[in-house]
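Data block below; observations after.
Each value in this text was obtained by applying a stated rule to the coordinates, not by laboratory testing. Every value quoted in this text rests on a predicted model; they were computed, and no experiment measured them. Positions of Cβ are generated from backbone atoms using ideal geometry, with glycine treated the same way; all protein chains shown enter the neighbour counts.
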Amino acid sequence: MTKRRVLMAVVAAMAVTVGGVTAAASSAADGGGGGSRMRATLKGFEEVPAVSTTGKGSFTARRISGDVFEYKLTYSGLQAPITQSHIHFGQKDVNGGIAVFLCSNLGNGPAGTPLCPGTTSGTVTGTFTAASVTAGANAQGIAAGEIDELLVAIENGVGYCNLHTQAFPGGEARGQIGDKRGHH
């Protein structure tokens, strides 16, 4: 092999290595994929304990920059007016602490928490950031402001979205949050 070919092979190998490192760093900074886009389908049978209801909902969120996530929560068919909705830290079939308020009509959310629109159906949109992560899951190891910890939990299938109503204060519709492909 000529010196020129050896040099070209070394440059090509370095480019592949640097590209792989850049892609891995980008994926880690992005929450490993699951942290960039999230979704959940909410229903009463996912509640703990399960509830029989016609209420249902959907939750989607996507990273729009840094630690800023844009979300949309839609619900319908609830048996009673919605009171609040959150992201909780807990695996399937287990209740967990509140990590992020999505909406509340009780005045108990952090400053900037939107009201839950409608009574038994509606859509709420908003954003959440590290500052939105409450101390509600502190006893489980996620302190206020620790969005990276929350994203790791969600990526590992231990985050869920919950709709609370007047008829079911503990929750009327719930769904585990999965990544953009719906895993978890």
Sites matching trypsin sites (Lys or Arg not before Pro) across the stretch 87-184 that sit in DSSP coil, with at most 16 neighbouring C-beta atoms within 10 Å = Lys92, Lys180, Arg181
When we measure straight from the Cα of Lys56, which aspartates and glutamates land under 18 angstrom away, once same-chain ones fewer than 8 places off are left out?
-> Glu46, Glu47, Asp93, Glu172
In vacuo Debye sum over C-alpha of the stretch 35-84, base-10 log of normalised intensity I(q)/I(0) at q = 0.14, 0.28 Å⁻¹, listed in q order, is -0.44, -1.03
Debye equation applied to the C-alpha atoms of the stretch 34-179, log10 I(q)/I(0) at 0.14, 0.18 Å⁻¹ | -0.56, -0.96
